[in-house]
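Just so you know, all these numbers are worked out from the coordinates, no wet-lab data involved. Note that the structure is predicted; figures quoted are calculated from it, not measured. Ideal geometry is used to build each Cβ from the backbone, glycine not excepted, and the neighbour counts take in all protein chains shown.
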Amino acid sequence: MGSDLVYDVVYATGENGLRRAPPARGGDDSLCILFFGGSFGYGTGVNDDQTSPYLTGVVTGYRHRIANLGFQGYGAHQMLADLESGQAEAAAGCTPTHAVFQTVYNHERPHREIGKKPPMARLRKTRQQDPME
């Protein structure tokens with residue numbers, strides 16, 4: 001690696017501390033889409049307008065509020081904690097209608113190679129209320 005340039009990008013964050021998202025024109029059919037993940041979800045190595053969350057805004061015609069809650073090293077357990085605590089909703093500034101978790105399929109591999117188990121989230125089992133009851 002030495003003095004080789006790896007990335008030549010600019011990361012911009014908004015007042016909410018999240019990576020810059022596409023503008024949203026809103027409307028009655030507007031959704032609130034939250035993107036989670038580690039460096040892949042965050043968009044490490046690409047400009048703001050090249051991230052998956054930003055491009056989702058572009059291809060949907062800027063109809064929806066989109067928030068990039070990705071961060072280097074984050075996993076499913078951080079996403080779960082952010083959703084359960086309300087921090088994700090507060091940071092995004094909208095009530096989530098959709099959540100997208102982006103990761104690399106073999107992220108646990110380094111843990112196995114050093115003899116450790118990957119961090120895991122524990123989901124609580126809850127009984128779903130039957131809407132007909």
| remark: With DSSP loop assignment and no more than 16 other C-beta atoms within 10 Å, the chymotrypsin sites (Phe, Trp or Tyr not before Pro) in the stretch 11-73 are Y11, Y62
| Interchain or long-range residues, amide H under 5 Å from G37's placed H | G70, F71, Q102
| field | Anisotropy class of the stretch 28-100 from Cα gyration tensor, a/c 1.5 cut | value | oblate
| request: Round to the nearest 0.05 the FRET efficiency obtained for D8 and E89 when R0 = 41 Å and r is the Cβ-Cβ distance. | output: 0.75
